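To keep things clear, I will list the structure first and then write my remarks on it.
Laboratory data are not the source of any read-out in this text; all were calculated from the coordinates shown. Remember, predicted model here, so these are calculated numbers, not experimental data. Here the Cβ positions follow ideal geometry from the backbone for every residue, glycine too, while neighbour counts run over all protein chains shown.
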């Protein structure tokens, strides 16, 4: 299990504990989660070489949390998280799909309005009860209703889609010589619990060659659309969209097509304050490209530390990244 996956589970545990009004523990889990995110080595390798002792050397990780990390590494599951989900009536997975609805807002909605699921959320928004809460407003209600409407479209569980997405990705990586770099994008890369479709990004100097390969992969059920830099197929019942970009634009394109939409909007606003603009083609000062090759250099140029894909939901991650960058953590 990867560092980010373990960190995300600890963040979920912290949120659920907070909903139960448990004191101190939520902060402990969040501190441990942030430390795990910032590790410079895979946590599995640390455990493999030093066991529980090595885990307890991570800032914020004591005996109890170290054992929970060990459980995740060995089994891929957390009994604590599973038990909390049974005891806390809030459907965090469903609510987490709503654009801009982070853990703090979910907790506020639950504690102040009793919102436990999408049905409760929709009713509260329609009755205009949300706009009166701190951190929300009339615009929030409109965006929530739009997002709920979009979430009713066909969505598929991440664990069901990921093997299929990786099958297509691996085919491009191993058998398409003109695909120089390949990565999953969109909500799949952000590890959302459910997704509409699969987004894949490819860096290439020969996009038409990549599109020819992509639309003829063994197992393609239907070519939904084929263009010179973008194509869509139906593969094992799931829509897979591929976009090809120039290698020099890889970082900016990956950042843009990973999303979320609100995260990208906030980045654009930040760039505009500096007299720049940011798009899938790069970070620009007028017509001059400042940076575009990697996500990290774009974030750093904007004055913030790199933000992992799973955190890009416009729920405070940008402000935290700016603070990190100021103290020398890029």
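The table below lists the values:
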| read-out | value |
| --- | --- |
| Full-extension gain in nm, residue 5 to residue 119, via 0.36 nm per residue minus C-alpha separation | 38.2 nm |
| Exposure proxy ranking, count of Cβ atoms within 10 Å, fewest first, for 241, 15 | 241, 15 |
| P(r) histogram, all alpha-carbon pairs of the range 21-155 included - 10 Å bins from 0, percent | 11, 33, 25, 21, 9, 1 |
| Set of the range 75-117 residues, backbone N closer than 13 Å to the point 7 Å along the Cα-Cβ line of residue 129 | 109-117 |
| Antiparallel DSSP beta bridges within the chain, as percent of all bridges there, nearest 5 | 80 |
| Residue 287/residue 228 FRET efficiency (R0 25 Å; Cβ-Cβ; nearest 0.05) | 0.55 |
| 0 to 90° range, to nearest 10: angle between helix 103-113 axis and the chain longest Cα axis | 50 |
| Percentage of interatomic Cα-Cα distances in the range 92-151 larger than 18 Å | 16 |
| Whole-number D in µm²/s for the chain (Stokes-Einstein; Kirkwood sum over Cα pairs; 10 °C, 1.306 mPa s) | 74 |
| Ratio Rg/Rh, restricted to the range 120-233 and using Cα atoms, in which Rh is the Kirkwood radius | 1.15 |
| Added length on full extension, which subtracts the Cα-Cα distance from 0.36 nm per residue, residue 330 to residue 21 | 107.8 nm |
| Residues 128, 263, 196, sorted so that the one with the fewest Cβ neighbours within 10 Å comes first | 128, 196, 263 |
| Cβ-Cβ FRET estimate between residue 86 and residue 265, R0 fixed at 35 Å, reported to 0.05 | 0.45 |
| Spin-label model distance (nm) - residue 174 vs residue 220, 7 Å beyond Cα toward Cβ | 1.9 |
| Label-point separation, residue 159 to residue 145 (7 Å along Cα→Cβ), nm | 3.6 |
